[in-house]
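The values are calculated or read from the model by the stated rules, or taken from the named source; none is laboratory data. Here the structure is a predicted model, which is why all the values come from computation and not from measurement. Methodologically, a virtual Cβ is constructed for each residue, glycine included, from the backbone with ideal geometry; neighbour enumeration extends over all protein chains shown. Calculation scope for accessible area: heavy atoms of the full protein, side chains included, ligands and nucleic acids excluded. Shrake-Rupley method; radii C 1.70, N 1.55, O 1.52, S 1.80 Å.
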Amino acid sequence: MNSCKVAVIGAGLAGLYTAQALHASGVDLLLVEARDRVGGRILTAGNDGAPSADGFDLGPSWFWPAMQPAMADLVAELGLDSFLQHSTGDVVFERMSREEPQRFSPADENQQSMRVSGGTGAVVQALASRLPDSRIRLGTKVAAIALKDDAVELSLQGFDGSTELLRAEYVVAALPPRLLDATVVFSPAQDPVIAARWRNTSTWMAPHAKFFAIYDEAFWRKEGLSGTAQSMVGPMVEIHDATTNSGKAAVFGFLGVGADQRASVGDETLKQACVEQLARLFGPRALTPRATILKDWAADPFTATIADRTGGDHPVPGNPHWVTGTWEGRLIMAGSETSPAEPGYLAGAIVAAKQAVADILFRVELK
Ligand SMILES: Cc1cc2nc3c(=O)[nH]c(=O)nc-3n(C[C@H](O)[C@H](O)[C@H](O)COP(=O)(O)OP(=O)(O)OC[C@H]3O[C@@H](n4cnc5c(N)ncnc54)[C@H](O)[C@@H]3O)c2cc1C
């Protein structure tokens with residue numbers, strides 16, 4: 001049986017931050033990730049929707065330095081550049097299908113949204129590069145965790161159906177609590193009140209889908225449009241310029257169509273409807289994108305559960321007791337949703353991870 005001092009579940013922002021910080025402190029760890037890539041909800045993709053070092057953010061695109069310094073500090077610490085979300089120009093508002101969309105000049109934003117140059121994926125790539133390959137296991141799901149006298153045993157499942165046991169003194173669960181409840185069997189079972197709390201904590205943005213249309217140039221800017229639009233007609237409800245800092249032109253929109261309806265309508269029909277909507281908002285040049293991408297997070301089993309197909313309240317910071325009873329001290333939560341500050345956001349993932357690192361280092365040093 002493989003063994004390590006700390007097993008970290010999930011190589012999203014929280015898990016990668018935790019793993020590289022523990023590694024830097026000399027702690028023996030293994031980071032176990034179900035997907036075949038790092039990043040979790042962070043996914044920067046090229047025109048084909050596959051991960052890219054300079055592309056479009058299919059997951060999170062923005063951070064707000066004044067409100068959420070944790071993310072701005074990390075971007076600076078990693079030596080990455082950031083740039084302001086493009087919003088110069090008129091906004092388009094589509095009120096109803098029988099009316100022409102209206103354009104208007106918006107008031108200045110209070111909180112400026114920043115993007116990472118290259119995409120938010122640059123942050124996870126920079127964190128992952130601080131870990132030796134031997135410390136990250138991709139394509140491996142944690143299926144079960146059993147509490148032993150002085151350790152925990154994790155049952156790992158590979159893509160190919162292979163199984164393996166991993167023994168660790170501590171487990172950091174760096175994933176949404178709802179997903180932890182849905183994907184991992186605990187022995188002994190978690191306290192029912194705790195398990196219910198995990199299940200009832202929505203995974204932020206998991207019900208959503210983003211559509212991208214990629215163009216040869218940002219033609220809307222030449223028309224004095226910012227690329228920002230709001231629509232009560234749909235299928236997209238909120239649209240923004242998604243042009244990269246390197247000049248790859250695109251717009252993206254959040255779909256207002258629910259997850260069940262998206263699944264029944266199908267991707268091709270939805271994409272066509274989105275392109276037609278962009279033409280209504282930004283003119284006929286929008287009808288001929290170079291490529292389109294539709295990323296439906298509600299259909300992604302390592303982000304969303306069935307409960308995430310509807311609803312999706314924002315998690316509220318509060319009760320810090322995510323683990324109690326016999327599991328306390330062995331299982332430490334670090335996913336963004338468990339953060340005492342900015343839960344659900346990128347900043348929340350960093351705050352939660354820092355707290356988990358401090359907790360583990362305290363326990364390791366006590367021994
Ligand atoms: C469409 C969208 C837009 C967003 N926009 C923004 C934004 O603009 N700004 C912002 O601040 N936040 C935004 N967010 C939220 C942001 O993405 C999250 O706060 C952040 O990425 C959470 O990181 P995490 O590491 O806590 O969780 P995750 O990124 O969810 O990572 C969890 C990891 O655990 C893995 N995993 C799950 N189950 C298992 C298992 N059983 N075994 C092993 N591995 C497992 C998953 O594959 C995943 O890699 C957005 C999210 C989405 C989906």
Given (1) in contact with a helix residue (DSSP H, G or I) (Cβ under 9 Å, 6 or more places away or on another chain); (2) within 12 Å of the ligand (Cβ to nearest atom); (3) open to solvent by less than 50 Å² (accessible area, probe 1.4 Å), where does P301 come up short, assuming only one miss?
(3)
Given (1) of a type outside the set (K, R); (2) away from the ligand (no atom under 12 Å from the Cβ); (3) open to solvent by 60 Å² or more (accessible area, probe 1.4 Å), index of the condition M67 fails
(2)
Hits in the stretch 304-321 (condition: surrounded by 11 or more Cβ atoms within 10 Å (Cβ to Cβ) and in a helix (DSSP H, G or I)):
A307, D308, R309
Boolean, E337 is within 16 Å of the ligand (Cβ to nearest atom) and at positive phi
no
Within the stretch 113-146, work out how many residues are within 21 Å of T44 (Cβ to Cβ) and in contact (Cβ under 8 Å) with a residue 24 or more places away in the chain.
21
In the list R167, R130, R98, which residue meets the criterion of being in the same structural domain as K222 (by TED's automatic domain parsing) and over 26 Å from T243 (Cβ atoms)?
R98
Please indicate, with yes or no, whether at least one residue in the stretch 268-282 is in contact with a helix residue (DSSP H, G or I) (Cβ under 9 Å, 6 or more places away or on another chain) and either at positive phi or within 12 Å of the ligand (Cβ to nearest atom) (or both).
no
Those residues of the stretch 341-367 which are open to solvent by 70 Å² or more (accessible area, probe 1.4 Å) and not basic (K, R), in sequence order:
Q355, F362, E365, L366
Show me the strands (runs of 3 or more DSSP E) found entirely inside the stretch 225-275 where at least 2 residues are more than 16 Å from T292 (Cβ to Cβ), open to solvent by less than 20 Å² (accessible area, probe 1.4 Å) and assigned by TED's automatic domain parsing to the domain that holds S97.
225-231
Residue ranges of strands (runs of 3 or more DSSP E) in the stretch 94-200 with at least 2 members under 24 Å from G344 (Cα atoms) and open to solvent by less than 70 Å² (accessible area, probe 1.4 Å):
114-116, 140-147, 163-173
Is it true that G46 is free of Cβ contacts under 8 Å to residues at least 40 places away in the same chain and open to solvent by less than 20 Å² (accessible area, probe 1.4 Å)?
yes
Matching residues, the stretch 351-367, being of a type in the set (A, V, I, L, M, F, W, C), under 23 Å from W62 (Cα atoms) and more than 9 Å from the ligand (Cβ to nearest atom):
V351
Does any residue of the stretch 35-49 turn out to be acidic (D, E) and away from the ligand (no atom under 14 Å from the Cβ)?
yes
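Residue-wise test of (1) touching a residue at least 40 places away in the same chain (Cβ under 8 Å); (2) among the aromatic types (F, W, Y); (3) under 18 Å from A14 (Cα atoms).
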| site | (1), (2), (3) |
| --- | --- |
| K271 | yes, no, no |
| L278 | yes, no, no |
| A307 | yes, no, no |
| L331 | yes, no, yes |
| Y345 | yes, yes, yes |
| R363 | yes, no, no |
